Structure formats: structure tokens, C-alpha cells
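The values are calculated or read from the model by the stated rules, or taken from the named source; none is laboratory data. A quick note: this is a predicted structure, and the numbers were derived from the prediction, not measured. Note that each Cβ is placed from the backbone with ideal geometry, even for glycine, and that neighbours are counted across all protein chains shown.
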Amino acid sequence: MADAPLPDIDTSVPHSARVWNYWLGGKDNYAVDRDLGDKVVAVYPAIRDLARASRQFLARAMRYLVQDAGIRQFLDIGTGLPTVDNTHEIAQRLAPESRIVYVDNDPLVLTHARALLTSSPEGKTDYVDADLRDPATILRQAAETLDFDRPIALILNGIMGHIEDYAEARSIVARLVEALPSGSYLELYDGSRLGEGIADAADSYNDSDTVPYYVRPPEEIIGFFDGLEPVEPGIVPIQEWRPDESQFGSPVHVDAVGGVARKP
């Protein structure tokens, strides 16, 4: 897999992973990504807070999954470009034997993933180049690294909004969760219509040539967890999910809903 030829990277069209990287203050983006990012910020300045809050949510959820739930296998779909404390870094820092499979379909992400395919000697990190709409390929290739007879945490952060049709999105999540054994977990969040501005931001974003992102009401995001056992405090605005103690007051509000839930 690591020796496969790299596809061409189209720098004339913005891509969600690179725009997100720009909002997080990263440098793995192009002018077209920055232009779109600035356009959205002009409509919805809170998008930068949402980007940061999403990374903090991942860190808290990973600590729970590794330390409290004892999970040692992770399937992270739509992982995007690397920043600080990626899934494998958090997991293997807490449990070096952890095994992680990243999934994305952007050539720039693939380039960076190949550089990131490092692991603690006890564990393993790998990358699958596949589309979210193709769960069969994702599961088949992930099985080369992960043991589907043992619990796995499925991570779907900020990715299901790229599927416009809600029934299709529900079906994709259900097919992925169905393949996981009992005792596995789903960790998922997406942008949600909690406040003013985010819908306009999505419209501005979707006017570009990049893959559109559709902001859903909270009840639809909660629906992704049907049949699973939510971990306290449930499926909530992500800044409210087990927030770290801070001397600076309550976490800033962001328009995103998510949580962690166990498969019975």
C-alpha cells in the first residue's frame, strides 16, 4: 500500500481537509483553500472555534475510549490532514499496543499519511485510500490491520455531513457499525443547526467547487447512534461532552453535536 503511486493533487479546487487544516492554523493548504476558508469565516467567524473544539472533543473521547473503555483498535474515517495529537498519537501514548487505521480519499492526505505510518513497536498504524460511500472496501482493507473479533472504536468526526441524503448517511453508519463486534464504540460528531450563522456558512461553503457539507438538526445526528448505548453525558453539543476543567470558565459554544456510544 505504501508503495502505490500517488495520484495528482488538484490545487485549483478547494478540498474540505485542506480548508479545515487552514481553519486550524495549519500550513497544508493552497490559496484556493484559504480563499474559501476566508469566505466562510466572513459569514461565520465561529468556524475557527468549531474546528478547535472538534480537536479537543477527539482528545477527550480518545482518552475515554483508551483509559476507561479499554479499546485498543481504532478505525478513523475521514481523518483529514494531520495536526497535533492525531488519533494514533493519543492512543499509542496511552496504550502503545493500539492499532489504528485511517481512511480518507484525498491525495494530499494520502501523501501525509504515508509519512505518518509510524507506530510504537507494540502497535500498528495504517492507511486506507477509500471513499466513505464504500463501506465494503473500507471494512475489507481495515481487516488487514484490525481484528474484527475484538472491540473497535469507529471514529466519524465531521464527515457524515458530506452525505446529503440522510437515509444514505444513516445506512453508511449502520453498515459500518454492523460489522463491529459487541463492545465496540461509535464516536461521531457533525456540525449542527444549534445557532444562527452556521446554515449561511454551509451555503457559502457549498457555493464553491468542493464537496458540499450539509448541516443537520441535532435530532438527525442523534439518530446515527440508534441501537447503541450512549456514554454519559449522551449525544450533546461537543463542548459539553466531558469537558476538561479550566480556570477560564465554561468552554465556548460551538454549533456541533456528537458523542460516544457502545455497541451492546
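Select from the range 13-36 the residues that are under 14 Å from Thr210 (Cα atoms), outside any loop (DSSP other than H, G, I, E, B) and modelled with pLDDT under 90 and list them in ascending order. Hits for the range 13-36 are Ser16, Ala17, Arg18, Val19, Trp20, Leu36. Residues that are within 24 Å of Leu146 (Cα to Cα) and among the acidic types (Asp, Glu) within the range 157-188 comprise Glu178, Glu187, listed in sequence order. Filter the range 25-75 down to the residues that are free of Cβ contacts under 8 Å to residues at least 40 places away in the same chain, touching a Pro at 6+ places or on another chain (Cβ under 6 Å) and not acidic (Asp, Glu) and list them by number. Val32, the sole residue that qualifies.
Restricting attention to the range 55-85, the residues being surrounded by fewer than 23 Cβ atoms within 10 Å (Cβ to Cβ), of a type in the set (S, T, N, Q) and in contact with a strand residue (DSSP E or B) (Cβ under 8 Å, 6 or more places away or on another chain) number 0.
Output the number of residues of the range 182-209 satisfying the condition of being farther than 20 Å from Ala46 by Cβ and modelled with pLDDT under 85.
Residues of the range 182-209 that are farther than 20 Å from Ala46 by Cβ, as a first pass: 182-188, 209.
Within this subset, residues satisfying the condition of being modelled with pLDDT under 85 are 209.
Counting residues in the range 182-209 that are farther than 20 Å from Ala46 by Cβ and modelled with pLDDT under 85 gives 1.
For the range 5-20, the criterion of a residue being in contact with a Ser or Thr (Cβ under 9 Å, 6 or more places away or on another chain) and of a type in the set (Gly, Ala, Ser) is satisfied by at least one position. So is Leu146 at pLDDT 90 or above, under 21 Å from Ser16 (Cβ atoms) and not in a helix (DSSP H, G or I) or not? Spelling it out, it is not the case that Leu146 is at pLDDT 90 or above, under 21 Å from Ser16 (Cβ atoms) and not in a helix (DSSP H, G or I).
Specify which of the listed residues (Asp126, Asp85, Asp76) is of a type in the set (Asp, Glu) and either at pLDDT 95 or above or closer than 22 Å to Val13 by Cβ (or both). Before the answer, list the steps.
On the way: Asp126 fails: either at pLDDT 95 or above or closer than 22 Å to Val13 by Cβ (or both); Asp85 fails: either at pLDDT 95 or above or closer than 22 Å to Val13 by Cβ (or both).
Step by step, each of Asp126, Asp85, Asp76 is checked, and only Asp76 is of a type in the set (Asp, Glu) and either at pLDDT 95 or above or closer than 22 Å to Val13 by Cβ (or both).
Can you go through Ala130, Ala91 and tell me which one is buried (at least 22 other Cβ atoms within 10 Å of the Cβ) and closer than 26 Å to Arg262 by Cβ? Ala91 is the lone residue from the list that is buried (at least 22 other Cβ atoms within 10 Å of the Cβ) and closer than 26 Å to Arg262 by Cβ. Taken together, the residues in the range 128-147 that are hydroxyl-bearing (Ser, Thr, Tyr) and out of contact with any Lys or Arg (no Cβ under 7 Å at 6 or more places or on another chain) amount to 1.
Taking the condition part of a helix (DSSP H, G or I) and either more than 15 Å from the chain's Cα centre (by Cα) or under 28 Å from Ala53 (Cβ atoms) (or both), does Arg133 pass? Please lay out each step first, then the result.
On the way: part of a helix (DSSP H, G or I): no; either more than 15 Å from the chain's Cα centre (by Cα) or under 28 Å from Ala53 (Cβ atoms) (or both): yes.
Spelling it out, it is not the case that Arg133 is part of a helix (DSSP H, G or I) and either more than 15 Å from the chain's Cα centre (by Cα) or under 28 Å from Ala53 (Cβ atoms) (or both).
Count of the range 76-100 residues, restricted to those that are in contact (Cβ under 8 Å) with a residue 40 or more places away in the chain, under 23 Å from Val19 (Cα atoms), in contact with a Leu (Cβ under 8 Å, 6 or more places away or on another chain) and not in a loop (DSSP other than H, G, I, E, B), is 2.
Examine the range 94-110 for a residue that is buried (at least 18 other Cβ atoms within 10 Å of the Cβ), of a type in the set (D, E, K, R) and out of contact with any His (no Cβ under 8 Å at 6 or more places or on another chain), and state whether such a residue exists. For the range 94-110, residues buried (at least 18 other Cβ atoms within 10 Å of the Cβ), of a type in the set (D, E, K, R) and out of contact with any His (no Cβ under 8 Å at 6 or more places or on another chain): present. A single member of Gly234, Gly227 is without any contact (Cβ under 8 Å) to a residue 60 or more places away in the chain, small (Gly, Ala, Ser), outside any helix (DSSP H, G or I) and surrounded by 13 or more Cβ atoms within 10 Å (Cβ to Cβ), and it is Gly234. The one condition from (1) surrounded by 14 or more Cβ atoms within 10 Å (Cβ to Cβ); (2) under 17 Å from Ser54 (Cβ atoms); (3) small (Gly, Ala, Ser) that Gly195 does not meet is (1). For Glu122, the test of being of a type outside the set (Phe, Trp, Tyr), assigned to a loop (DSSP other than H, G, I, E, B), under 18 Å from the mean Cα position of the chain (by Cα) and more than 13 Å from Phe224 (Cβ to Cβ) is failed. Taken over the range 160-182, the criterion of being exposed (fewer than 15 other Cβ atoms within 10 Å of the Cβ) and of a type in the set (A, V, I, L, M, F, W, C) is satisfied by Ala167, Ala174.
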